[in-house]
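To start, the structure under review is shown below, and the notes come after it.
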Amino acid sequence: MTDSTILLIEDDPMIAEPLLFGLESEGFRVLHAAEGPEGLRLTRDAAPDLILLDVMLPGMDGFQVLRKIRQDSTAPVLMLTAREQEMDRVMGLESGADDYIVKPFSFRELLARVRANLRRANMNRAAAAPPQQIVIGPISIDIDAHLVRRNDALVDLTEKEFALLAALMTHAGRAVPRHQLLDMAWGEDWIGSPRTLDVHIRWLREKLETDPSHPQLILTVRGYGYRFATPDSTSL
């Protein structure tokens, strides 16, 4: 099984439906958008690990969507197209695509390319050492010293609260799935109620938010998990 989230932006149901079924059968969490604007919203809100993008979309074509995706996301983008012209491939790659596959294609080939791009992205992330001190808005966290400050004032957190905040802030701007937060803060072998996560999120908000009932830092991503807001983020 895999924890990766894939966003498919494809308007043709004859292509989208078997791809959704096949990728979900392989253990991926798959989101689907039939138009460019919806795909951009899901890219922003769900922060997918990889995007499958059709070129021939209604209204906003795939090249336009890709350029907007690259303003906010570094996720690998694999373009799906019926065009075989070299200029189209060049345009896609120069616009920020990571890979290109021409229709018709076999699901096995697509799956191999998806996995290869995800492996490459994971290797690139692993090569970048995570920062030990992170400052976002009024909150700063020092991983090594195990200290958290809000506007330079120390904040007293429990061990689990600190681990949860560290997990959120090291992935700031990205939606982190509930199960991943539980694994990162409680360990993969932990057995208990998933509601424990929500309780600790509430406690964190009470210690960090100006108005815990209207959080601006730790945002809920409905049906998915939580996201630590970056300065240009908006509440969901």
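Quick note: the coordinates plus some simple rules give every number you see, no bench work behind them. These figures come from a predicted structure and were not determined experimentally. Cβ: placed from backbone, ideal geometry, glycine included. Neighbour counts: every protein chain shown.
Close amide H partners of Val155, meaning residues 5 or more places away or on another chain with modelled amide H under 5 Å apart, are Val148, Arg149, Arg150. Coupling constants for region 217-224 follow from the phi torsions by the Karplus curve (6.51 cos²θ - 1.76 cosθ + 1.60, θ = phi - 60°), and in residue order they are 9, 9, 9, 8, 9, 4, x, 9 Hz; glycine and proline get x.
Does region 135-236 come out rounded, prolate or oblate by the C-alpha gyration tensor, with a ≥ b ≥ c the root eigenvalues, rounded set by a/c under 1.5 and, if not, prolate when a/b is larger than b/c and oblate if not?
oblate
What FRET efficiency comes out for the pair Arg120/Glu26, r = Cβ-Cβ distance, R0 = 22 Å, nearest 0.05?
Efficiency, from the Cβ-Cβ distance: 0.80.
Computed across region 5-127, the Kirkwood radius stands at 14.2 Å (inverse of mean 1/r, all Cα pairs).
Taking every DSSP helix (H) stretch of at least 4 residues in the chain, weighting each as -39,500 (n - 2.57) and dividing the sum by the residue count yields a mean residue ellipticity at 222 nm of -13500 deg cm²/dmol.
Using the Cα centre of region 133-228 as the reference point, and only Cβ charges (+1 on K/R, -1 on D/E), how large is the resulting charge dipole? Debye, rounded to the nearest 20. Show your work: numbers first, answer last.
Values: 11 positive and 13 negative charges, 86 e Å.
That gives a dipole near 420 debye.
One Cα centroid belongs to region 27-55, the other to region 205-228; the line between them spans 23 Å.
Spherically averaged projected area of the convex hull of Cα atoms, the chain: 13.9 nm².
Restricting to the chain, what percent of DSSP beta bridges are antiparallel, rounded to 5? Let's see the in-between values first.
Values: 16 of 33 bridges.
Just about 50 percent of them are antiparallel.
What order do you get for Met79, Met91, Met123 when you list them from fewest to most C-beta neighbours inside 10 Å?
Values: Met79 28, Met91 17, Met123 9.
With the fewest neighbours first, Met79, Met91, Met123 line up as Met123, Met91, Met79.
Here's how it looks for Arg174: its modeled amide H is under 5 Å from those of Phe228, which are all 5 or more places away or on a different chain. Computed extension length for Ala145-Gln71: 23.2 nm, one decimal, from 0.36 nm per residue of separation with the Cα-Cα distance subtracted.
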